[in-house]
1. Is there a residue being at pLDDT below 75, assigned by TED's automatic domain parsing to the domain that holds Val203 and surrounded by fewer than 20 Cβ atoms within 10 Å (Cβ to Cβ) anywhere in the range 279-301?
2. Look through the range 451-491, keep the residues that are small (Gly, Ala, Ser) and closer than 17 Å to Lys292 by Cβ, and return whichever of them is modelled with the highest pLDDT.
3. Being surrounded by fewer than 14 Cβ atoms within 10 Å (Cβ to Cβ) and not hydroxyl-bearing (Ser, Thr, Tyr) narrows it down to one of Pro440, Pro381, so name that one.
4. Only one residue in Leu109, Leu151 is part of a helix (DSSP H, G or I) and not basic (Lys, Arg), so which one is that?
5. Does Lys407 satisfy the criteria of being among the basic types (Lys, Arg), modelled with pLDDT of 85 or more, assigned to a helix (DSSP H, G or I) and under 30 Å from Lys292 (Cβ atoms)?
6. Might you check whether a residue that is in the same structural domain as Ala350 (by TED's automatic domain parsing), among the aromatic types (Phe, Trp, Tyr) and over 22 Å from Ser208 (Cβ atoms) occurs anywhere in the range 463-482?
7. Residues in the range 451-465: is at least one polar (S, T, N, Q), assigned to a helix (DSSP H, G or I) and surrounded by fewer than 17 Cβ atoms within 10 Å (Cβ to Cβ)?
8. Taking the criterion of being within 32 Å of the chain's Cα centre (by Cα), of a type in the set (Ser, Thr, Tyr) and either at pLDDT 90 or above or outside the structural domain of Asn206 (by TED's automatic domain parsing) (or both), would at least one residue in the range 385-401 satisfy it?
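The values are calculated or read from the model by the stated rules, or taken from the named source; none is laboratory data. Model, not experiment: these values are computed from the prediction. Glycine also receives a Cβ, built like all others from the backbone with ideal geometry; neighbour counts cover every protein chain displayed.
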Amino acid sequence: MMASSLNSLDGPSSNPEESHIVGSEYEWRVGSLSEWYKGLTTAQTSVDRLQIRKEAKTDDIPHWFVVLYMQDRSIYRFERRESQNQSLRKVDEKTMQEVDQQTELEIELFLDGKVDLGALLATCFAISRDDSAKDHSQTTYHSLFFSWTILMVAARHCMPYEVPPPDSLRKRASERHYLPLTNYIVNQATDLFLTIVVETIAVFRNKSGAAVYQGLDPFTRATWALPNNVLRFICRRAFRTRLQFGLRKQLERQISEVLGIKASEVLDEALKRHPDSNAVLNNHMWLKDLDKAVEPVLRAEVVKVLWSTIFDAICGGYGDIDRPTLVRGATHSNLKFTFILGQRLPQYYAVWNAALHGGLCGARVRTEEEDRGNEGIEPDPSDAYVTGLNNKMFDLAWKAASDGAFKEAQAVVKLTQEQLRPRLREKRELMWNDVWRIWPDVWAEAQSITQQKSVDCVDRIMKRVLETGVKVFKEEMSESSTRSIGARIGTNKSDKRKKSRSTPGESVSNGVLQELMDGIMKREKVNSRQAALMNEALSRIWTESRRLPPLAKA
């Protein structure tokens, strides 16, 4: 029942006429409990301190209960016993002194009147209405669950979640997370672009005719005739040599710089578009569940800028590979395989690096144009939308990259041709003319080979970016000291080695309390399945209790 008088309850009570059972037989705000609450003053309903105490039992199964110290100096014992609904009983100071002697303090929170008794009664009502938690079974939803549910709800009323200051989020991201995220993006991006270049070269080899073959020296012809896997290996080693000679460091610096800029823009846009972000956060009980609130918001903003950001970062890091640099590399090469595979291998290195550079720049311009054209359009962060968008952006970027790569490759061929001996130029010119002829078909086939790999790579990068963003947010929320309340954490009397943690002036945050609860569950040998069920139930109860209208006062 919602409320009824009790004259016989387990445990002492100096005022049995003020003993109540909180259940769900009646509707919320109907019945004797509501009438009793209506007659209380603000001081009588304002909780000054809240304790969880542990009572040893003869059957070795302890019992936990809550003690409420009100601002009018009255005291209530709040508990749930096996096969009973939640009970609220008023006790006098003498009785409470005996309880103090006979039980252990687990934790005390100094609420200073910031929590009303009505919020805790609403929590009990929500428990009694929950399909699982209403079970009085001692195996899961027992007195330990009840006591910590009351405490966590009270703590959350005192310490509502707030979006951390943007500057603190930026600082944490920069100091702790940009470096590993940068390394991840560099590894993913370089592997992807090497794959694109190598696969494109392999397609060129397969589609090329006699003119291309005649333009190669004997050693290079032998290379050209190698199986695809061997050719891919050689090309990868050649391109990775460039990474070892400083390109990777350039990419890391550029990506880190772009991350800092874009992360700030994404954060600012997310906060601007979601002015009720604190309310969204407070729909969740646990810090570990905040990704459910944060990830969709960040995802919607990241989707809008991801492709242009990737090309901006990669192209910026590759930006010093201009034509003169490539030509010098072709004519004064120290590549490991040059001597073995022929003197004209450096030209291939220069041409395909130029194609990569030109392709990246072309894709960068096109994706930026697409982003500008979509300004003001709210994206759908669903998986289906993102997959479709990624394929669309790849298609646009690929076509632009093909044109950019074509122009740069032609320019570098022209410059490197001039460095060859006269008798070789004619064959090489015929060879490259044949390359230009088959260029569109090659890029079309290479696209079909690399598109899914590219989209998957971008998807992995987006997931890592979102994971990092959520992690930064949750860490800042967990470690923030802007929201805390005074606390006294008791000592387990059975463990003589432990020093008391009941130090005056100690304060706890939501993160500390949630870690403490997890630790106590483990100490009491609550298995992982039970702990998960309890946490899920507590989340539901938090949500449901906040939906209930406040109890009325006279």
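1. Initially, the range 279-301 is screened for residues at pLDDT below 75, giving none.
No, there is no match, as no residue in the range 279-301 is at pLDDT below 75, assigned by TED's automatic domain parsing to the domain that holds Val203 and surrounded by fewer than 20 Cβ atoms within 10 Å (Cβ to Cβ).
2. We begin by selecting, within the range 451-491, every residue small (Gly, Ala, Ser); these are 454, 469, 478, 480-481, 484, 486-487, 490.
Checking the rest, the ones that are also closer than 17 Å to Lys292 by Cβ come to 469, 478.
Working: Gly469: 92, Ser478: 85.
Going through the qualifying residues, I end up with Gly469.
3. Numbers: Pro381 fails: surrounded by fewer than 14 Cβ atoms within 10 Å (Cβ to Cβ).
Only one candidate passes the filter, namely Pro440.
4. Numbers: Leu109 fails: part of a helix (DSSP H, G or I).
Testing whether each residue is part of a helix (DSSP H, G or I) and not basic (Lys, Arg) leaves just Leu151.
5. Numbers: among the basic types (Lys, Arg): yes; modelled with pLDDT of 85 or more: yes; assigned to a helix (DSSP H, G or I): yes; under 30 Å from Lys292 (Cβ atoms): no.
Spelling it out, it is not the case that Lys407 is among the basic types (Lys, Arg), modelled with pLDDT of 85 or more, assigned to a helix (DSSP H, G or I) and under 30 Å from Lys292 (Cβ atoms).
6. So far as the range 463-482 goes, yes, one or more of its residues are in the same structural domain as Ala350 (by TED's automatic domain parsing), among the aromatic types (Phe, Trp, Tyr) and over 22 Å from Ser208 (Cβ atoms).
7. Step one: filter the range 451-465 for residues polar (S, T, N, Q), giving 451-452, 454.
Right, trim to assigned to a helix (DSSP H, G or I) and you get 451-452, 454.
Filter once more, keeping what is surrounded by fewer than 17 Cβ atoms within 10 Å (Cβ to Cβ): 451-452.
There is at least one residue in the range 451-465 that is polar (S, T, N, Q), assigned to a helix (DSSP H, G or I) and surrounded by fewer than 17 Cβ atoms within 10 Å (Cβ to Cβ).
8. No, the conditions are met nowhere in the range 385-401.
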